[in-house]
Amino acid sequence: MLSKLRNAPEPLQKQITLRFGLSVGISILLIVMLILSRDIYVLLPFVGAVVFLWINTMLLIYQTLHERYIIVSGRCDAISATKLKKKLKTITLSIGEHKLLVSLKNRSRNIAIGSKVDLFVLKTTPVYEKDGMQVMYTYLAMNIAPASQDQ
């Protein structure tokens, strides 16, 4: 099992490591709160967070081990940002003759127009159509290669 995880793509390994670390950190925080507080109403949000994070992490590991993801590769054609803070909101990818609009999870990514973008997506991820363009709202991980590397 561990060798399969080591052979997984680097962006998925990074996501698994981040989610696992967050799960362990919140679990430790729950134990500290349990020792300090002993009030069930204070602990309920931490219990909910711990359960959610561990399930989320285990699902990602399961999906990675059983290769239930596909890699969608394309070139970034357009970037849209929020009006006030100018944080990245969506990117438009050219994939052959198709256009894919992707809603970004982490809005602080440095993506330039012309960059090669690899999206790691579950095989069951819904893709919608809007204004003649495919739209995707979720993905597992993203890998960005600068435009100069791929040319």
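Here are a few things to note about the model shown:
- Taken over region 114-133, the criterion of being on the phi < 0 side of the Ramachandran plot, touching a Lys or Arg at 6+ places or on another chain (Cβ under 9 Å) and surrounded by 12 or more Cβ atoms within 10 Å (Cβ to Cβ) is satisfied by Ser115, Lys116, Val117, Leu122, Met133.
- Residues (of a type outside the set (D, E, K, R), out of contact with any helix residue (DSSP H, G or I) (no Cβ under 7 Å at 6 or more places or on another chain), within 30 Å of Val24 (Cβ to Cβ) and modelled with pLDDT of 90 or more) located in region 64-90: His66, Ile70, Ile71
- Residues that are under 21 Å from Arg6 (Cβ atoms), hydroxyl-bearing (Ser, Thr, Tyr) and exposed (fewer than 12 other Cβ atoms within 10 Å of the Cβ) do not occur anywhere in region 37-57.
- Complete set of residues in region 93-102 that are at pLDDT below 90 and touching a Cys at 6+ places or on another chain (Cβ under 7 Å): none
- Given (1) under 19 Å from Thr138 (Cβ atoms); (2) in contact with a Phe, Trp or Tyr (Cβ under 9 Å, 6 or more places away or on another chain); (3) surrounded by 13 or more Cβ atoms within 10 Å (Cβ to Cβ); (4) not hydrophobic (A, V, I, L, M, F, W, C), index of the condition Ser27 fails: (1)
Yes or no, residue by residue, for (1) assigned by TED's automatic domain parsing to the domain that holds Pro9; (2) not basic (Lys, Arg):
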position: Val32; (1), (2): yes, yes
position: Ser37; (1), (2): yes, yes
position: Val51; (1), (2): yes, yes
position: Asn56; (1), (2): yes, yes
position: Arg75; (1), (2): no, no
position: Leu93; (1), (2): no, yes
position: Glu97; (1), (2): no, yes
position: Ile111; (1), (2): no, yes
position: Leu122; (1), (2): no, yes
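- Matching option when the condition is in contact with an Asp or Glu (Cβ under 9 Å, 6 or more places away or on another chain), surrounded by 14 or more Cβ atoms within 10 Å (Cβ to Cβ) and touching a residue at least 12 places away in the same chain (Cβ under 8 Å), among Leu93, Leu100: Leu93
- Of all residues in region 103-151 being among the acidic types (Asp, Glu) and at pLDDT below 90, the one that is farthest from Ile16 (Cα to Cα): Asp131
- Taken over region 1-21, the criterion of being assigned to a helix (DSSP H, G or I), surrounded by 15 or more Cβ atoms within 10 Å (Cβ to Cβ) and hydrophobic (A, V, I, L, M, F, W, C) is satisfied by Leu12, Ile16, Phe20.
- Residue match in region 50-63 (condition: assigned to a strand (DSSP E or B) and either in contact with a helix residue (DSSP H, G or I) (Cβ under 9 Å, 6 or more places away or on another chain) or not polar (S, T, N, Q) (or both)): no
The values are calculated or read from the model by the stated rules, or taken from the named source; none is laboratory data. Not measured: the values here are computed from a predicted model. Quick reminder, even Gly has a Cβ in these numbers, built from the backbone with ideal geometry, and neighbours come from all protein chains shown.
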